[in-house]
Amino acid sequence: MENTKSNSETLSEIYRNAQLALQSISDILPEVEDEGIRNEILRQHEEYEKICSSAALLARTNGQELKEPGPIKKAMMWSSIKMSTMSDNSAQHIADMMIQGTVMGITSLKKTQSDSEGLLDGEVETLLKELIDLEEGFEERLKAFL
């Protein structure tokens, strides 16, 4: 049986991915001392906010309600980030953590893209591709800090 995702499921995945990225960035920023990686992470935050806004607008247009990640997921992410940066908050370690999160996001989005190929409205498909491209670019720029 073929696994497909509708426009609403794909839009939910885009929004969830960007929201989790925003949450991770908010959790990690207080631990970042290196100005170079801080600037990169802040730039990423702006881009994720744009994606969230676009997804929310598209959902509203389609009469869809998007859900935020749950408080348990947020708490788990926060504690994981705090524990990991407690012993090492170097730019290299922060970049490594951010890359791991970005790769998880890319993997999830690529799977969504594959599952929904040829089934999405143009705007949803464009937003999905835009987020994948953004995250792939983020991964490459973060590698400079390793």
ask   = Where Lys and Arg each count +1 and Asp and Glu each count -1, what net charge lies around Asp88 among other residues with Cβ under 13 Å from its Cβ?
value = -3
remark   = Over its alpha-carbon atoms, the chain yields an Rg and a Dmax in Å of 15.7, 50
Convex hull volume of the stretch 10-93 per residue (C-alpha atoms, cubic angstrom) = 83 Å³
query = Cα-based count: Lys pairs in the chain below 22 Å, eight or more positions apart or different chains?
reply = 20
request  = Could you grab the relative contact order for the stretch 14-146? Cα pairs under 8 Å, six or more apart, rounded to a whole percent.
outcome  = 36 percent
query = Can you pull the Kirkwood radius for the stretch 17-64, inverse mean 1/r over Cα pairs, to one decimal in Å?
reply = 11.6 Å
task = Kindly state, to the nearest 0.05, the FRET efficiency for Thr126 paired with Asp88, given R0 = 35 Å and r defined as their beta-carbon distance.
result = 0.35
ask   = Summing -39500 (n - 2.57) over the DSSP H runs of n ≥ 4 in the chain and dividing by its residue number, what mean residue ellipticity at 222 nm do you reach, to the nearest 500 deg cm²/dmol?
value = -27000 deg cm²/dmol
ask   = Could you put Arg16, Arg43 in order, starting from the residue whose Cβ has the fewest other Cβ atoms within 10 Å?
value = Arg43, Arg16
note = trypsin sites (Lys or Arg not before Pro) in the stretch 83-143 lying in a DSSP loop, each with at most 15 other Cβ atoms within 10 Å of its Cβ, come to none
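Bear in mind these aren't lab numbers, they're just calculated from the coordinates by the rules spelled out. These figures come from a predicted structure and were not determined experimentally. With ideal geometry, Cβ positions are generated from the backbone for all residues, glycine too; neighbour counts draw on all protein chains shown.
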